[in-house]
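Working notes for the structure below.
Just so it is clear, none of the values below were taken in a lab; they were calculated from the coordinates. Model, not experiment: these values are computed from the prediction. When we count neighbours, we look across all protein chains shown, and the Cβ atoms used for this are built from the backbone with ideal geometry, even at glycine.
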Amino acid sequence: MKRYIKVLAFLFMIGLVACEYDYIVEEVIIPQPDPDDPISFSTQVEPIFQSKCIGCHDSRTPILVTGSAYDNLKNGNFINTDNPADSEIYKRSTDGHGENMNSQERLLLLTWITEGAKDN
């Protein structure tokens, strides 16, 4: 009986070690900004935060309430205009944290950062 348990434990351990998972890293395609039609923070980006994020981020960092969301993002280093896909606010929207955001909203957020993340 002990030998049977040892064999089962050994096979279980081999099964755990033998498992392999290849992570698929999705390449982020940075959108090209349109200088004739820039994304507006106040009318396009901030409303996403209000509808998707405010349930938690009315008191958690970054605080995303209307009127102070931009300053909190900028001053809290959540925006990286040199490498938009590396912006903390964008990464959070794609890592499951922003599960309420759809792909179009994430793309809008990334485009806004690519355009320089202006407070407009």
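By the count of other C-beta atoms within 10 Å, a proxy for reagent exposure, Ile5, Ile113, Ile54 are ordered fewest to most as Ile5, Ile54, Ile113. State whether the range 36-120 is rounded, prolate or oblate according to the following rule on the C-alpha gyration tensor (a ≥ b ≥ c being the square roots of its eigenvalues): a/c under 1.5 gives rounded; otherwise a/b larger than b/c gives prolate, and the remaining case gives oblate. Verdict is rounded for the range 36-120. Identify all lysines with a Cα-Cα distance to Lys52 below 22 Å; exclude those on the same chain that are fewer than 8 residues away in sequence. Within the straight-line limit of under 22 Å, Lys52 reaches these lysines: Lys74, Lys91, Lys118.
Can you give the longest stretch of the chain with no exposed loop site, where a site means GluC sites (Glu not before Pro) in a DSSP loop (not H, G, I, E or B) with at most 15 other C-beta atoms within 10 Å? That gives 28-98 as the longest site-free run. Between the Cα long axis of helix 103-114 and the first principal axis of the chain there is an angle of about 60°, rounded to the nearest 10. The helix-based estimate of mean residue ellipticity at 222 nm for the chain, built from -39,500 (n - 2.57) per DSSP H run of four or more residues and divided by its residue count, is -12000 deg cm²/dmol to the nearest 500. Each of Val65, Val45 was scored by other Cβ atoms within 10 Å of its Cβ. Arranged with the fewest first, they read Val65, Val45.
Exposure proxy for Arg106, Arg3, Arg60: other Cβ atoms within 10 Å of each Cβ, ordered fewest to most, give Arg3, Arg60, Arg106.
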